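Visitor: One structure coming up, written as structure tokens, with questions to follow.
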Amino acid sequence: MKILVAGGGGREHAIIKKLSECRENPELYAVPGNGGISKIAKCFSDIKATDIEKIIELTKQNKFDLVFVASDDPLALGLVDEIEKIGVRAFGPRKNAAEIEWSKVFSKNLMKKYNIPTAEYEAFDSFESAVNYVKSGIKFPIWIKSDGLALGKGAIRATNINQAYDILKHIMVDKTFGDSGNNVIIEEELVGQEITVLAFCDGKTIKPMVSSQDHKRAFDNDKGENTGGMGAFSPSRIYTEKIADECMKNIYIPTINAMRNEGRAYKGVIYFQLILTKNGVKVIEYNARFGDPEAQVVLPRLKTDFLDIINAVIDEKLDQIDIEWEDNAAVCVILASGGYPVKYEKGYEITGIEEVEKLDGFTVYHAGTATDENGKFKTSGGRVLGVTAVDKDLPSAIKKVYSEIDKISFKDMFYRKDIGVK
């Protein structure tokens, strides 16, 4: 069996590694992939995950049996739809279902229509109307969010009118996130601890995975800029069976039913970013794929053959499969380039990866790496590596990952020292 994975980050490395462990032992390929992925899959590094035409041609030429669309941009561009049109199996939501991530206006309106608990909000399509709203006596702090995809950086907190004005100008006038900022959501700030729950869906049935929590800020104690994620851990300490039942009843099933009712049957992985407030669990946002770095702590805990689940989702037979998880814990710490997420240099040699990977219970996932002509790993992004340790419980996994992480090094490397603490 030949499988192509579209994407080139840590999430895609986690997906490809899990696929490599399947009993069918598939031939694995990636577009564009990265340095680490190239060790277990053939990478077409000159093709972007967003180049739909080239991926379609590649799929025809190589006779791939399955295309796993792993990252947000190709999902938003409708890669799944185009793969299906040529008669090849595809994993991931179609474009009209992936809109639950690529348009915050759509997702918030969906939640409002179907009474799915979320923050109070207003949507705006002009800078002037948004500014008038923030001047109208609303309560601060607020969150201002670009409608479209913005590399995980399109949600910005404002504590006063002046800040709100600057943020709106940044998004809607200066177009820092391009057309993603044509519309914005302004919403109340919810207070509580955040939880991530990923789930497999086949359009009718939804099966949540084990819970996780991520750390978005660049530095310890949640200081610094918002990033794509500086680390994650699984399971969440606060996601109890009672809360899981509440979420299934009020959020998970209503969301899948809402999408089906709207003619947008959701098939693939859906990501629920949740917050536990004094008024119950509410949805912060949806994503239309595995989270990054959440995939790096959830997938290592999966016992059931990954391909069995993928096929059950595609064939709408998810209700016929039991999904089992290891009774353990995982922690992933991101090693980032100095200056990330603003400005950073690339091309530095990385040492120590092999030394850590030899250790029991460790995986080093590559996010922003490339190989040079001598096969050595070099930095090629802001988030470079994700070091994941698995152990019997969270305290053990945290201790384990931090005891060995400094075996890896590259110039200007930095990482948070408090992943798993919150």
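The values are calculated or read from the model by the stated rules, or taken from the named source; none is laboratory data. From a predicted model like this one, the values you see are computed outputs, not experimental measurements. Cβ atoms come from the backbone with ideal geometry, glycine included; neighbour counts cover every protein chain shown. Calculation scope for accessible area: heavy atoms of the full protein, side chains included, ligands and nucleic acids excluded. Shrake-Rupley method; radii C 1.70, N 1.55, O 1.52, S 1.80 Å.
Visitor: For region 121-160, enumerate the residues that are open to solvent by 70 Å² or more (accessible area, probe 1.4 Å) and either in contact with a helix residue (DSSP H, G or I) (Cβ under 6 Å, 6 or more places away or on another chain) or on the phi < 0 side of the Ramachandran plot (or both).
Guide: Result: Glu122, Asp125, Glu128, Asn132, Lys135, Ser136, Lys139, Arg157.
Visitor: Quick one: which residue in Ala76, Ala30 is under 21 Å from the mean Cα position of the chain (by Cα) and either closer than 30 Å to Ile350 by Cβ or open to solvent by less than 10 Å² (accessible area, probe 1.4 Å) (or both)?
Guide: Going through Ala76, Ala30 in turn, the sole match is Ala30.
Visitor: Does region 391-404 contain at least one residue that is at positive phi, at pLDDT 95 or above and surrounded by fewer than 20 Cβ atoms within 10 Å (Cβ to Cβ)?
Guide: no
Visitor: Something else now. Lys242 - would you say it is more than 20 Å from the chain's Cα centre (by Cα), open to solvent by 20 Å² or more (accessible area, probe 1.4 Å) and free of Cβ contacts under 8 Å to residues at least 60 places away in the same chain?
Guide: Working: more than 20 Å from the chain's Cα centre (by Cα): yes; open to solvent by 20 Å² or more (accessible area, probe 1.4 Å): yes; free of Cβ contacts under 8 Å to residues at least 60 places away in the same chain: yes.
Spelling it out, Lys242 is indeed more than 20 Å from the chain's Cα centre (by Cα), open to solvent by 20 Å² or more (accessible area, probe 1.4 Å) and free of Cβ contacts under 8 Å to residues at least 60 places away in the same chain.
Visitor: Can you confirm whether Tyr344 is among the hydroxyl-bearing types (Ser, Thr, Tyr), out of contact with any strand residue (DSSP E or B) (no Cβ under 7 Å at 6 or more places or on another chain) and either touching a residue at least 24 places away in the same chain (Cβ under 8 Å) or crowded, with 17+ Cβ neighbours inside 10 Å (or both)?
Guide: Numbers: among the hydroxyl-bearing types (Ser, Thr, Tyr): yes; out of contact with any strand residue (DSSP E or B) (no Cβ under 7 Å at 6 or more places or on another chain): yes; either touching a residue at least 24 places away in the same chain (Cβ under 8 Å) or crowded, with 17+ Cβ neighbours inside 10 Å (or both): yes.
The answer is yes for Tyr344.
Visitor: The conditions are (1) of a type outside the set (A, V, I, L, M); (2) assigned to a helix (DSSP H, G or I); (3) closer than 22 Å to Ala295 by Cβ, and Glu53 fails exactly one of them. Which is it?
Guide: (3)
Visitor: Which is of a type in the set (D, E, K, R) and surrounded by 19 or more Cβ atoms within 10 Å (Cβ to Cβ), of Glu12, Glu21? Outline the logic, then answer.
Guide: Numbers: Glu21 fails: surrounded by 19 or more Cβ atoms within 10 Å (Cβ to Cβ).
The unique qualifying residue is Glu12.
Visitor: So, restricting to helices (runs of 4 or more DSSP H) that lie completely within region 89-200, which ones have at least 2 residues that are within 30 Å of Asp315 (Cα to Cα) and modelled with pLDDT of 95 or more? If you could, list the steps in order and put the result at the bottom.
Guide: Numbers: elements: 95-102, 104-113, 127-134, 161-168.
It comes to 95-102, 104-113.
Visitor: Next up: Given the residues Gly375, Gly352, which is the only one that is more than 18 Å from Arg416 (Cα to Cα), out of contact with any strand residue (DSSP E or B) (no Cβ under 9 Å at 6 or more places or on another chain) and not charged (D, E, K, R)? Steps first, answer last, please.
Guide: Values: Gly352 fails: out of contact with any strand residue (DSSP E or B) (no Cβ under 9 Å at 6 or more places or on another chain).
None of the other options fit; the residue is Gly375.
Visitor: A follow-up question, please. For region 33-47, give me each residue that is in a loop (DSSP other than H, G, I, E, B), open to solvent by 40 Å² or more (accessible area, probe 1.4 Å) and either touching a helix residue (DSSP H, G or I) at 6+ places or on another chain (Cβ under 7 Å) or not charged (D, E, K, R) (or both).
Guide: Just the residues of region 33-47 that are in a loop (DSSP other than H, G, I, E, B), to begin with: 33-36, 40-41, 44-47.
Then keep just the ones that are open to solvent by 40 Å² or more (accessible area, probe 1.4 Å); that gives 40, 45-46.
Answer for region 33-47, where residues must be in a loop (DSSP other than H, G, I, E, B), open to solvent by 40 Å² or more (accessible area, probe 1.4 Å) and either touching a helix residue (DSSP H, G or I) at 6+ places or on another chain (Cβ under 7 Å) or not charged (D, E, K, R) (or both): Ile40, Ser45.
Visitor: Restricting region 107-120 to residues that are surrounded by fewer than 18 Cβ atoms within 10 Å (Cβ to Cβ) and polar (S, T, N, Q), which is nearest to the chain's Cα centre (by Cα)? Can you show your working first?
Guide: Quick first cut of region 107-120, residues surrounded by fewer than 18 Cβ atoms within 10 Å (Cβ to Cβ) only: 109, 112-115, 120.
Cutting the leftovers down to polar (S, T, N, Q) gives us 109, 115.
Details: Asn109: 22, Asn115: 25 Å.
Taking the candidates together, the pick is Asn109.
Results for (1) part of a loop (DSSP other than H, G, I, E, B); (2) open to solvent by 50 Å² or more (accessible area, probe 1.4 Å); (3) within 30 Å of His366 (Cβ to Cβ), shown as yes or no for each residue.
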{"residue": "Asn221", "(1), (2), (3)": "no, yes, yes"}
{"residue": "Ser236", "(1), (2), (3)": "yes, no, yes"}
{"residue": "Ile251", "(1), (2), (3)": "no, no, no"}
{"residue": "Pro293", "(1), (2), (3)": "yes, no, yes"}
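Visitor: Does region 299-309 hold any residues that are part of a helix (DSSP H, G or I) and farther than 22 Å from Ala232 by Cβ, and which are they? Walk me through it before giving the result.
Guide: Residues of region 299-309 that are part of a helix (DSSP H, G or I), as a first pass: 299-301, 306-309.
Result: Leu307, Asp308.
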